[in-house]
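Just so it is clear, none of the values below were taken in a lab; they were calculated from the coordinates. Small disclaimer: the values here were computed from a predicted structure and weren't measured. FYI the Cβ positions are ideal-geometry reconstructions off the backbone, even for glycines, and counts take in every protein chain you see.
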Amino acid sequence: MRYQISGKQIDIGDALQTHVKDELGVAVQKYAQRPTDANVIFSKSGHEFVCEATVHLSTGLNASAKAHNHDIYGAFDDCREKMEKQLRRYKRRLKDHHKQRAEPVEFDGASSYILASGGESEAIEPESLQPMIIAEMQTKIATLSVGEAVMQMELAGAPVLVFRNEGKDGLNVVYRRDDGNIGWIDP
């Protein structure tokens with residue numbers, strides 16, 4: 001597994017990097033058989049350290065966790081425990097989907113845009129209805145079953161996931177509803 005361990009405006013020493021590789025490697029190997037890479041970012045928020053970790057699996061699924069603690073090692077350990085809990089919770093579902101899927105997840109390219117919010121200019125009548133594009137990026141849309149899409153959304157902690165339904169042609173959306181249930185849009 002490849003590791004990318006970095007700090008935002010803080011130095012990450014060799015001892016912490018070794019600790020992260022050892023502990024995260026053991027935790028992930030226990031529940032996910034084919035991790036490909038891990039991205040761990042440390043930062044400081046006020047008087048606390050923040051650790052954000054994302055592990056990419058070869059099936060196309062991502063698991064992510066975030067934790068805060070007064071100690072940088074404590075922040076990582078809390079983050080690792082959250083990720084381990086997520087992977088443990090979904091282990092049975094992950095295994096079932098791995099057995100059914102003979103080939104890796106396919107991805108299609110798509111453009112992702114960041115639009116300017118109205119902000120103070122909302123009170124002024126806009127000259128045109130075209131939004132101002134601040135940034136354009138490339139993103140990938142996975143071809144998944146509905147169950148895999150829900151699992152991916154929950155593992156990533158995302159409120160919404162756009163995916164190509166492998167059973168049909170066309171894009172689908174799964175999202176977390178306000179009542180806590182999962183919504184599925186199948187056009």
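Taking other Cβ atoms within 10 Å as a rough exposure proxy, Met132, Met153 sort from fewest to most as Met132, Met153. Spin-label model, Ser6 to Glu52: label points 7 Å out along the Cα-to-beta-carbon direction sit 1.1 nm apart.
Of all DSSP-defined beta bridges confined to the stretch 1-95, some 75% are antiparallel rather than parallel. Under 18 Å of direct C-alpha separation, and excluding same-chain neighbours fewer than eight residues apart, Lys8 reaches these lysines: Lys44, Lys66.
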